[in-house]
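The values are calculated or read from the model by the stated rules, or taken from the named source; none is laboratory data. Keep in mind the model is a prediction, meaning the values are calculated, not measured. Every residue, glycine among them, receives a Cβ derived from its backbone with ideal geometry; neighbour counts consider all protein chains shown. These area figures cover heavy atoms from the full protein model, side chains too; ligands, DNA and RNA do not enter into them. Shrake-Rupley method; radii C 1.70, N 1.55, O 1.52, S 1.80 Å.
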Amino acid sequence: MTESGRAGRVRVGVDAAVRSFLREPVQVAVLLVLPLIVIEGYGYAMTAFPELPFMTESAETMGRLNGAIYAVAFLTGVLGLFQIISAQLADERLQLCGYSRGELFVTRLATVVAASVLVAAVSLAVLAWNVTVEAPLLAFGALAAAALVYGLIGMLVGAILPRALEGSLVLVFLVDADDFLSSGMVDIDTAAVELFPLYHPHNLFQSAVDGSLAGGRALATGAYLMVLLSVVGVVYVRLTGNGGVFGE
Amino acid sequence: MSSVARVSRAFEMGLREYARTPVLLALLLFLPAYFIGIFVFVLPTSELPIIVPGDGQQMVATAELYGVLLVPLLAGLIGGIAGLFLMQTASDADSRLVLAGYRPAQVITARFGLLVLASIVATAVALAVLSIEYVPTSVPIFVAASVLSGLIYGLVGVLVGLVLGRLAGVYTMLFVPMLDVFFLQNPTVDEKLWVATFLPGHAVTELAVDSGFSESVALDPFVQALAALAVIGTLATAAFYRATRVR
């Protein structure tokens, strides 16, 4: 098959996924409204917190920054999970129609990337309403990276555990623990925290907001994304179309 | 068949359904252990001042404070997600039971029993892991507070499941307990925000913190938690009744 033929098939796949998402207006509303609720909710909740010595910003600002990261991570994480679960049957049929597993993966990935960019843009716009962002482009990149990290984790959970209740439980615990421990709300001195998916995007985002621009965090975030992308790609391609069993 | 026998049969069938999905059972054991274990391992032992309702201001280790907060939180998270999915499946399977002669109240009692069990399992696993690092001062009251948290959020999940779809429901049940228990009810805060008093996690978190660090536990929060359970339970029962009624 030619390259343009492949690109056309991927476009059709992405188009179908986006249409299926847009068919439920509540989901679209949630994607747009939830960042506002989460960011402002976290900011409001943190207004009562004491200012502790290790905090780099006011508690309220930290709440908003944390809310922005949390919103993008859990929105795309759950979206990635449900996209894989709901696409399970469709993917097997598309495979019968001639789609390769690689094309199916690219299709799902493109949808998650599109959702990550959208949610990051909405979240940054909401954040900028009350917080001065020194480097908006970098902040957008950090938010999109955090969204993509959890979008990929959602896809991974969906590929390994393609059941709504079980997959949701795993994601709930992963996101909640990761977000809180990466938030800077508690003074953690263990290096193990650097392995958490949101640690580097969170620090990169914070540096983009305060203008300190931590370039090393951008590299670490990029490396983390690349490794995760490879793992998710391999697992997805091996599992798709085999009824959840590793195959050719 | 007697009413009790019907409820026990429906409860047993619900249990069998869970037993048929060993992955879910494994997750119910592993996730609380992971959640508590990772926090207790990573958080520092440095001390923070907190307000304990029955004992005034105390200095407690950060890991112990968040360990104590985590048990009702994760009971709430598991209960909430379980309640949400219970509602999502209710309109299909449970409507058939009602059609076959069950009264909605019998189905509701059996499902409520499953929520109680999920909350007890989540609390037991979480407390077992926490006790490696720290044992709450008044264990029975702490357990009651955590199970109540699971039940209250389980019923909130039932209500959310009625209003929102699966995706939006999971978002809600992921975000609300975390914001409520960890942020708005956090005992490091001197003066809580007014909205904190009206949230489902208020009384149970106060009770958990009190029983976690004090021997003289005030009973007011316990009464408030039971009242919250009664109010949310009434709303959830009405919602469940509506979802399972025969049209």
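Summary table below
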| item | result |
| --- | --- |
| Of all residues in segment A:37-49 being facing another protein chain (nearest Cβ under 10 Å) and open to solvent by 20 Å² or more (accessible area, probe 1.4 Å), the one that is farthest from B:Leu184 (Cα to Cα) | A:Ile37 |
| Residue, farthest from the chain's Cα centre (by Cα), within segment B:181-216, restricted to residues that are under 18 Å from B:Val231 (Cβ atoms), part of a helix (DSSP H, G or I) and not small (Gly, Ala, Ser) | B:Val195 |
| Unmet criterion (only one of (1) surrounded by fewer than 20 Cβ atoms within 10 Å (Cβ to Cβ); (2) touching a Gly at 6+ places or on another chain (Cβ under 7 Å); (3) in a helix (DSSP H, G or I)) for B:Pro140 | (2) |
| Search result, residues across segment A:55-89 that are among the hydrophobic types (A, V, I, L, M, F, W, C) and within 9 Å of chain B (Cβ to nearest Cβ) | A:Ala71, A:Phe74, A:Leu75, A:Val78, A:Leu79, A:Leu81, A:Phe82 |
| Residue list for segment A:183-213, restricted to those being at pLDDT below 85, within 15 Å of A:Ile69 (Cβ to Cβ) and outside any helix (DSSP H, G or I) | A:Ser183, A:Gly184, A:Met185 |
| Test: B:Phe175 is within 13 Å of chain A (Cβ to nearest Cβ) and either surrounded by 23 or more Cβ atoms within 10 Å (Cβ to Cβ) or part of a helix (DSSP H, G or I) (or both) | yes |
| Lone qualifier among A:Leu52, A:Leu34 - being open to solvent by 20 Å² or more (accessible area, probe 1.4 Å), within 10 Å of chain B (Cβ to nearest Cβ) and not in a helix (DSSP H, G or I) | A:Leu52 |
| B:Met87, sole failed condition from (1) touching a helix residue (DSSP H, G or I) at 6+ places or on another chain (Cβ under 6 Å); (2) at pLDDT 80 or above; (3) open to solvent by less than 60 Å² (accessible area, probe 1.4 Å); (4) of a type outside the set (S, T, N, Q) | (2) |
| Meets criteria (part of a helix (DSSP H, G or I), under 30 Å from A:Gly184 (Cβ atoms), out of contact with any Lys or Arg (no Cβ under 6 Å at 6 or more places or on another chain) and not polar (S, T, N, Q)) for B:Gly83 | no |
| Residue among B:Leu65, B:Leu24, B:Leu31, B:Leu73 that alone is within 22 Å of the chain's Cα centre (by Cα) and more than 9 Å from every other protein chain (Cβ to nearest Cβ) | B:Leu65 |
| Filter result (in contact with a helix residue (DSSP H, G or I) (Cβ under 6 Å, 6 or more places away or on another chain) and among the aromatic types (Phe, Trp, Tyr)) within segment B:19-56 | B:Phe35, B:Phe39 |
| Options A:Ala121, A:Ala145, A:Ala125: the member that is assigned to a helix (DSSP H, G or I), touching a residue at least 24 places away in the same chain (Cβ under 8 Å) and not basic (Lys, Arg) | A:Ala145 |
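Per-residue answers, yes or no, for (1) at pLDDT 90 or above; (2) β-branched (Val, Ile, Thr):
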residue: A:Val28; (1), (2): no, yes
residue: A:Ala48; (1), (2): no, no
residue: A:Met62; (1), (2): no, no
residue: A:Ala71; (1), (2): yes, no
residue: A:Val78; (1), (2): no, yes
residue: A:Ile85; (1), (2): no, yes
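Yes or no, residue by residue, for (1) buried (at least 23 other Cβ atoms within 10 Å of the Cβ); (2) away from chain B (no Cβ under 14 Å):
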site: A:Val157; (1), (2): yes, no
site: A:Ala164; (1), (2): no, no
site: A:Ser168; (1), (2): yes, no
site: A:Val175; (1), (2): yes, no
site: A:Asp179; (1), (2): yes, no
site: A:Thr190; (1), (2): no, no
site: A:His202; (1), (2): yes, yes
site: A:Ser212; (1), (2): no, yes
site: A:Val234; (1), (2): no, yes
